[in-house]
1. Looking at region 35-53, which of its residues are crowded, with 21+ Cβ neighbours inside 10 Å and either among the hydroxyl-bearing types (S, T, Y) or in contact with a helix residue (DSSP H, G or I) (Cβ under 6 Å, 6 or more places away or on another chain) (or both)?
2. Could you pull out every one of the helices (runs of 4 or more DSSP H) wholly within region 134-231 that has 1 or more residues that are closer than 30 Å to L66 by Cβ and touching a Lys or Arg at 6+ places or on another chain (Cβ under 9 Å)?
3. Of all residues in region 112-133, which are outside any strand (DSSP E or B) and touching a residue at least 40 places away in the same chain (Cβ under 8 Å)?
4. If I filter region 68-81 for residues that are part of a strand (DSSP E or B) and either within 7 Å of the ligand (Cβ to nearest atom) or in contact (Cβ under 8 Å) with a residue 40 or more places away in the chain (or both), do I get at least one hit?
5. Only one of A262, A184 is at pLDDT 95 or above and small (G, A, S). Can you tell me which?
6. Among the listed residues K70, K87, identify the single one that is assigned by TED's automatic domain parsing to the domain that holds E159, under 22 Å from E139 (Cβ atoms), surrounded by fewer than 18 Cβ atoms within 10 Å (Cβ to Cβ) and of a type in the set (D, E, K, R).
Amino acid sequence: MKKVLIIGCGAMGGAILSGCLARGVWNQEDVVLKEHSAEAGRKKAAQYGVSWSEDGHEAAEADVVLLAVKPNVVPEAAKALAAYAPKGTVISIAAAVTLRDLASYFPEGTRIVRVMPNTPVSVGEGYTAIAGGPAASEEDLRKTEAIFRTLGRTFTGTERQLDELGALSGAGPGYAFVMIDALADAGVNIGLPRAVAIEAAAQTLLGAAKMVLETGKHPAALRDQVTSPGGTTIAGIRMMERRGLRAALIDGVDACMAKSDAMAKQ
Ligand SMILES: NC(=O)c1ccc[n+]([C@@H]2O[C@H](COP(=O)([O-])OP(=O)(O)OC[C@H]3O[C@@H](n4cnc5c(N)ncnc54)[C@H](OP(=O)(O)O)[C@@H]3O)[C@@H](O)[C@H]2O)c1
């Protein structure tokens, strides 16, 4: 019996598989993957040293079924799996496919968990929101956390919180890339070479983020530590705040949430 069945092993499915194999959450002999064709499945399986499936029948007995296809492929892939009545935990990473949508494809009582990872899972620094469907148990949630903790940090809550985190951490890498690019422009503007400015900006945000996570201190307390009275850093912060940095970030996340809610109603 294979412990894990992965449906769709692309960018995300592959990152999750690599992370779980590297951290020993899964062993190669425990995993079988299914792609949209036998040929693609065979190739991907050889790449990761796991088995491949032609029809996904392993879903009937697998401990975990990971649904990692594009959202538009989910109905077809889920209905094909439903024929095998999965008894284990079915984890979907598809953006914007709700627990209600997912439940409609599977037999009643299927233990479904929805997750919202972000792209930094590909470098082991992701943030993944997790929400369980009505039939999911505490054990299903703990199992899902163990998988996604191999790729960064996790938060388990309600589906509404998962959607809210979609607007913060899901879309967040997009915001952060704009900030890094803008800081790099700032560096070039005052005379630095572009490559130096990009590396300095990215490493500075990475280091500051690490300090928040590792010290557990409030970001405002850490900011106070680097702003000496009448000094240069507070002069920079004052100008950024005057230009609306904080309000721009709050309004940006708010706009993303509003857009996501509007799209869900369509
Ligand atoms: N990438 C992200 O940043 C991100 C973040 C959060 C959530 N997600 C979610 O993650 C899911 C996967 O995204 P991705 O970026 O990993 O996409 P991807 O790289 O395109 O991976 C999807 C994989 O599924 C395969 N596939 C297509 N149809 C299939 C079928 N019927 N049965 C089995 N496999 C099939 C694809 O093969 P072919 O390429 O040969 O068609 C591909 O290998 C999406 O639902 C997305 O919403 C992604």
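1. E35, V50, W52 - these are the residues of region 35-53 that are crowded, with 21+ Cβ neighbours inside 10 Å and either among the hydroxyl-bearing types (S, T, Y) or in contact with a helix residue (DSSP H, G or I) (Cβ under 6 Å, 6 or more places away or on another chain) (or both).
2. Details: elements: 138-148, 159-165, 172-189, 194-215, 219-225.
Counting at least 1 such residues, we get 138-148, 159-165, 194-215.
3. P117, N118, T119, P120, V121, S122, G124
4. First, the residues of region 68-81 that are part of a strand (DSSP E or B): none.
No, that holds for no residue.
5. On inspection, the qualifying residue turns out to be A184.
6. None of the others qualify; the one that does is K87.
The values are calculated or read from the model by the stated rules, or taken from the named source; none is laboratory data. Predicted model, so just to flag it, every value in this text is computed and none were measured. Note: ideal-geometry Cβ built from the backbone for every residue, glycine included; neighbour counts use all protein chains shown.
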